[in-house]
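Notes follow once the structure below has been shown.
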């Protein structure tokens with residue numbers, strides 16, 4: 001792929017509940033604030049941007065009506081920019097950037113990708129789709145709650161409750177340290193209509209979290225699994241039973257957030273007088289076992305790395321969505337990488353998961369980290385329900401010239 005990343009921005013992630021600092025904003029306005037910040041930081045003439053593609057998982061109520069295009073309108077971007085909203089579950093934001101880059105390359109143009117999700121205002125599954133609300137469809141197609149699927153992976157791999165809690169505590173510690181050190185360069189503050197700052201840093205990390213404290217939390221999915229799902233899964237995968245190790249403390253925190261990434265072909269970047277930060281070497285989409293659902297980050301990452309002409313050992317940093325603690329242990333083991341290259345500034349367990357935005361959020365985090373560490377290659381990977389997954393490999397541009 002011959003597409004470039006000019007810049008990537010994201011809002012801080014707010015708590016995805018009634019106590020969240022961002023709850024008072026409409027989703028279109030939250031996305032608009034990331035788009036305005038992107039335009040300010042790059043100085044782009046938005047009339048030169050051909051298309052905008054944005055992820056949003058729960059496209060109903062305030063997130064309906066093609067929220068991506070409405071965000072562009074609210075941001076004051078040129079009417080010349082078209083707009084599209086997509087749903088690849090939790091992988092939506094990264095897929096949106098990949099599609100924007102492909103569009104830019106094919107059309108020799110600029111494009112913007114990103115995403116938005118406000119779980120405080122539009123709760124997960126409030127669109128009442130068959131994945132969550134049609135029990136007959138779920139049984140027929142062996143689609144189970146993703147938390148139980150994560151517990152099955154933990155059972156298969158022998159990941160204990162302690163190991164999962166230790167990973168979650170590490171994610172919290174890394175996120176707290178990174179926030180304090182100002183390592184999240186891509187974050188732009190969110191303000192209200194009067195210009196008062198509502199949130200300037202991620203709201204969800206919890207200082208002082210330890211594995212010992214997490215051990216007191218009750219498993220979240222055991223009661224659900226006892227209603228016949230565990231028995232079905234044990235029979236399907238040859239297990240004696242399902243060990244329920246996941247709970248609110250080692251699962252991704254629901255969050256509000258938005259993200260925006262400006263991309264372009266080489267000649268479009270030059271025509272616009274822009275200076276890119278990175279080059280997209282490859283992207284990949286993958287589908288895996290729809291019941292286990294969340295193992296696809298490995299498949300997508302491997303595919304993207306191979307398409308980039310690289311090996312796993314060439315990748316300096318990985319940013320992978322922390323769908324559940326066991327899935328992060330699975331990714332680390334399957335890819336054969338150490339803790340020093342994976343989510344070094346924490347992940348969604350601590351920082352929150354604003355579903356449609358997270359993939360593009362991770363891309364900004366990765367680019368920030370590559371620049372801060374003077375590193376070259378990075379990989380983003382993210383999985384979603386029903387076995388979907390996306391990945392992207394980027395190369396930081398030393399000297400920032402295409």
**OP:** Would you confirm whether any residue within the range 275-288 is assigned to a loop (DSSP other than H, G, I, E, B), within 19 Å of residue 154 (Cα to Cα), under 17 Å from the mean Cα position of the chain (by Cα) and modelled with pLDDT of 95 or more?
**Re:** no
Original post:
Within the range 78-85, can one find any residue that is in contact with a helix residue (DSSP H, G or I) (Cβ under 8 Å, 6 or more places away or on another chain) and touching a residue at least 40 places away in the same chain (Cβ under 8 Å)?
Top reply: no
Original post:
(1) surrounded by fewer than 24 Cβ atoms within 10 Å (Cβ to Cβ); (2) in contact (Cβ under 8 Å) with a residue 60 or more places away in the chain; (3) outside any helix (DSSP H, G or I): which one isn't true of residue 37, the others all being true?
Top reply: (3)
Original post:
Any chance the range 109-123 includes a residue that's in a helix (DSSP H, G or I) and surrounded by fewer than 21 Cβ atoms within 10 Å (Cβ to Cβ)?
Top reply: no
**OP:** Output yes when any residue across the range 377-394 is out of contact with any strand residue (DSSP E or B) (no Cβ under 7 Å at 6 or more places or on another chain), buried (at least 24 other Cβ atoms within 10 Å of the Cβ) and not in a loop (DSSP other than H, G, I, E, B), and no when none is.
**Re:** no
Original post:
Does residue 225 satisfy the condition of being touching a helix residue (DSSP H, G or I) at 6+ places or on another chain (Cβ under 6 Å) and either crowded, with 22+ Cβ neighbours inside 10 Å or not in a strand (DSSP E or B) (or both)?
Top reply: yes
Original post:
Which number in (1) under 20 Å from the mean Cα position of the chain (by Cα); (2) under 26 Å from residue 92 (Cβ atoms) marks the one condition that residue 220 misses?
Top reply: (1)
Original post:
Would you say residue 18 is surrounded by fewer than 24 Cβ atoms within 10 Å (Cβ to Cβ), assigned to a strand (DSSP E or B) and at pLDDT 95 or above?
Top reply: no
**OP:** Return only the number of the condition from (1) modelled with pLDDT of 95 or more; (2) surrounded by 13 or more Cβ atoms within 10 Å (Cβ to Cβ); (3) more than 30 Å from residue 9 (Cβ to Cβ) that residue 212 does not satisfy.
**Re:** (2)
Subject >> Within the range 191-209, tally of residues that are within 20 Å of residue 254 (Cα to Cα) and either loosely packed, with under 12 Cβ neighbours inside 10 Å or in contact with a helix residue (DSSP H, G or I) (Cβ under 9 Å, 6 or more places away or on another chain) (or both) >> reply: 8
**OP:** Just need a number here: residues in the range 289-316 that are surrounded by fewer than 22 Cβ atoms within 10 Å (Cβ to Cβ) and outside any loop (DSSP other than H, G, I, E, B).
**Re:** 8
**OP:** Look through the range 239-256, keep the residues that are buried (at least 24 other Cβ atoms within 10 Å of the Cβ) and touching a strand residue (DSSP E or B) at 6+ places or on another chain (Cβ under 8 Å), and return whichever of them is modelled with the lowest pLDDT.
**Re:** 253
Subject >> Filter result for the condition that a residue is closer than 20 Å to residue 152 by Cα, in contact with a strand residue (DSSP E or B) (Cβ under 8 Å, 6 or more places away or on another chain) and part of a helix (DSSP H, G or I), over 327, 362 >> reply: 327
Original post:
Would a scan of the range 166-180 turn up a residue that is more than 21 Å from the chain's Cα centre (by Cα) and within 26 Å of residue 349 (Cβ to Cβ)?
Top reply: yes
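The values are calculated or read from the model by the stated rules, or taken from the named source; none is laboratory data. Since the model is a prediction, treat every value here as computed from it, not as a measurement. Cβ sites come from the backbone with ideal geometry, for glycine too, and all protein chains shown count toward neighbours.
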